[in-house]
Every structure is written in structure tokens, then in C-alpha cells.
Amino acid sequence: MPSLPAMRSLLMRRLGLGAVLALALATFGLAPSASAADPAPAELTFATDIATTTPGGTVNLSMTITNNKTYDIWFMYQTIEPTWLTTQRPDLKYGFTGCSLATAAGSTPCSGTGPANLGGNYGATVPPGQSRTVTLTLQVAADSGCNGNIGFYSYFYAEFSDSTNTSGGPVYTPETRVLCA
């Protein structure tokens, strides 16, 4: 059995050789590089056309699904529910009254206004690298309370033409402040 100083010398030579090899690989660009994580296969985002309204007003809530994969999205399922803080204000009265899908030829009506039938609104397949936007019309009742926020959250599930799927959420909408008139 080698003596302790001989073992240290052997260990140091091996560590030194590994360090020299790693330095050479890094110098010539052959070392593994750190890269940003791939984007999610599908991404859901929300936007509103205004941040505040008054009782009797309307807000357009746009939902955009983006396909980041190299395969079509064939099927989409999505829910939308009020946030917990919104449910704590029973005096806030509101509802979704309209739905439209943005297309190259203009907007076309859609039928699902929630809470669990939004996925079909995105139309046929969503090709790779493309997005589809659905806009829901949020109507605040004329007799609604005020000085409160209305917000929603959503979960989604998408299936792709390569038989894979993804799900995401919760994804939160921007809150809309209902001001007193």
C-alpha cells in the first residue's frame, strides 16, 4: 500500500490534470455552456384594455395562447375563476357578456365565456410559433359596489400533434379597479 505522501501526490496530479483539461476545453469553446431554459411548450398571457372602470362599465379581457413547440396545438382546455380577494366582495357584480376570437379576417364571435369552456374559443389548430387571442367582455353591473378590484385566474391544458401535452397555471389576469362614479 502506498504511503500517505505518495497518495497525496497521486491525488494532486490527477486533480491538476483534470483542471488543466477543463481549462483547455473552456479556452477552445468545447466545454458545456450555460444556456437559458427553453420556453414552455405553450404560454397563456392576459391583458386588459383599461385598468379602471365604474359601475355600468365594460372591460375587454384578452387571453393569448402562444405555441412555442414545433407541433400544432390540436386541443385546448381552459378555466377562468375569480380570485379569492374578488370573491370576498359580494357587492361587486359583474359577468362575462361577450367573446370574440381575433383572426386575420377580423374578429369572429365565440361562445365560451367561462368558467370552464374557454378552450374551444381558440379555434382550430394553433401552428408552431403562432398565437391566438380571445377577448372576453367583462360587464360591471350598474348597481355594483365600488372601490374594489376584480381579478381572475386561469388554468390551461394543451395537446399537441406529436401526442404530447402541457398544462399551466395559475395564470393571473390584471386586476380591474371599480371606482365610484
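The values are calculated or read from the model by the stated rules, or taken from the named source; none is laboratory data. Since the structure is predicted, the reported quantities are computational estimates derived from the model, not experimental observations. So basically every Cβ, Gly included, is an ideal-geometry build from the backbone, and we count neighbours across all protein chains shown. When the accessible area is computed, the model is the full protein with side chains, heavy atoms only, and any ligands, DNA or RNA have been set aside. Shrake-Rupley method; radii C 1.70, N 1.55, O 1.52, S 1.80 Å.
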task = Report yes if some residue within region 76-95 is at pLDDT below 90, crowded, with 17+ Cβ neighbours inside 10 Å, part of a strand (DSSP E or B) and not small (Gly, Ala, Ser); otherwise report no.
result = yes
query = Taking only pairs six or more apart or across chains, which ones have beta-carbon atoms under 7 Å, a first residue in region 166-181 that is closer than 12 Å to residue 42 by Cα, and a second residue that is among the hydrophobic types (A, V, I, L, M, F, W, C) and part of a loop (DSSP other than H, G, I, E, B)?
reply = 166/40; 168/40
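Let's see how each residue does on (1) open to solvent by less than 20 Å² (accessible area, probe 1.4 Å); (2) in contact with a strand residue (DSSP E or B) (Cβ under 8 Å, 6 or more places away or on another chain):
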| position | (1), (2) |
| --- | --- |
| 103 | no, no |
| 120 | no, yes |
| 134 | yes, yes |
| 161 | no, yes |
Considering residues of region 122-132 that are open to solvent by 30 Å² or more (accessible area, probe 1.4 Å) and part of a strand (DSSP E or B) only, the residue modelled with the highest pLDDT = 131
task = Among the residues of region 163-181, write down those that are touching a strand residue (DSSP E or B) at 6+ places or on another chain (Cβ under 7 Å) and not small (Gly, Ala, Ser).
result = 165, 166, 170, 171, 172, 173, 174, 175, 176, 177, 178, 179
